[in-house]
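Below: the structure, in structure tokens.
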């Protein structure tokens, strides 16, 4: 699998006429090498890949030496002890790299200036070529193995959610329920969470990215969940909105509108469809039902090694969908002072139509009852 991915990268390097490519993004490093070292802060890196037509190098520090040897056997390992820039200068000279592509999204201005200064002092003066989304464009199309890993992560997350619903009662706080969900995913074998779970009840659910609070959950109010598990490196991402007690007319109207909007959007997904048109299927229906302006975010996004990646389903993006893409479909309606409803599934783009990976019910009655 890695060999075929590197073949795509080498082809792109030929087209761009670069003889060296510096891979700095955590997910891209893993995608191209198998090395799972994590960057815990923006200014802290677990290492970099240097790819040329003939050589594969993984440069890292002593913290990751044994891990890198085990996980990336196809790569020559370079352990830098005097800083990454000095090792990079030596590699650039050894491989005679004249045009060096690098992932500019992962480098701060300060880092870049320091690297360029150090390389020049060491006698290495390549032409720096900033690149954006070179590897990400390949990551959009998922292999059957990647889809299966996502399916397993999703099944784990859904099962944990069902267990949480069995124990949830009025008066429990949002943060207590969120912790229960996190604990159950971890205990079921998740490598990590895709992101901190969202549990938001009542007016808090009108915040699309609400942070769970110590607010007690009441009866008769929307309770919005957004959660995901990471398993074997791949992220799941799901939203459901439930209720404890009886639903009023507002909840029924909002929930049914969101559910139908999602159904329409999913039905429009197939190879060759426009991401903008798929978004419009949901957005236009929500507007027609009297909720114009109450669905502010994009309809969905890709998932994979990162929980948010290309492609995007949005009124701002017009991307032709391709078979093998994996996207979320997550319309929502958010009413200040009342609350919100979001329903999210993960969907594979098929040649002839959508393939929904979720097995969890979408309707509130099936989950709340």
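Values in this text are rule-based calculations from the coordinates and carry no lab data. Bear in mind the structure is a predicted one, so any value in this text is a computation, not a measurement. We place every Cβ from the backbone using ideal geometry, glycine too, and count neighbours over all the protein chains shown.
Ordering 63-70, 271-278 by mean Cβ neighbour count within 10 Å, with the highest value first, yields 271-278, 63-70. Put in line by how crowded their Cβ is, counting other Cβ atoms within 10 Å and starting with the fewest, 116, 81 read 81, 116. Taking a virtual spin label 7 Å from the Cα of residue 127 along the C-beta vector, which residues in the stretch 11-37 bring their backbone nitrogen under 13 Å of it? Of the residues in the stretch 11-37, 16-20 have backbone N under 13 Å from the label point off residue 127. Packing around the peptides 14-20, 151-157, taken as the average count of other Cβ atoms within 10 Å per residue, puts them in this order, highest first: 151-157, 14-20. Angle of helix 109-121 to the longest C-alpha principal axis of the chain, folded into 0 to 90 degrees and rounded to 10: 10°. Placing a pseudo-label 7 Å from each Cα along the Cα-to-Cβ vector at residue 284 and residue 361 gives an inter-label distance of 3.2 nm. Against the main long axis of the alpha-carbon atoms of the chain, helix 174-187 sits at an angle near 50°.
For the stretch 2-139, what proportion of DSSP beta bridges, expressed in % and rounded to the nearest 5, is antiparallel? Bridges in the stretch 2-139 are about 40 percent antiparallel. When the alpha carbon gyration tensor of the stretch 1-133 is reduced to an equivalent ellipsoid, the three semi-axes, largest first, read 20, 18, 14 Å. Here the average projected area of the convex hull drawn through the C-alpha atoms of the chain stands at 19.1 nm². Modelled spin labels at residue 70 and residue 3, positioned 7 Å past Cα toward Cβ, are 2.5 nm from each other. Here the gap between residue 352 and residue 167, fully extended at 0.36 nm per residue and compared with their Cα-Cα distance, gives a gain of 62.6 nm. When 314, 108 are arranged by Cβ crowding within 10 Å, least crowded first, meaning fewest neighbours, the order is 108, 314.
In the chain, the longest principal axis of the Cα atoms and the axis of helix 144-167 are about 40 degrees apart.
Per-residue ellipticity at 222 nm, computed for the chain from helices alone with -39500 (n - 2.57) per DSSP H run of at least four residues, works out to -11000 deg cm²/dmol. Footprinting exposure proxy ranking of 117, 230, fewest other C-beta atoms within 10 angstrom first, gives 117, 230.
In this simple spin-label model, placing a label point 7 Å from the Cα along the Cα-to-Cβ direction at both residue 15 and residue 317 gives a separation of 1.8 nm. Here the peptides 239-250, 1-12 are ranked by packing, the mean other Cβ count within 10 Å, and the order with the highest first is 239-250, 1-12. The alpha carbon convex hull volume per residue for the stretch 85-234 rounds to 173 Å³.
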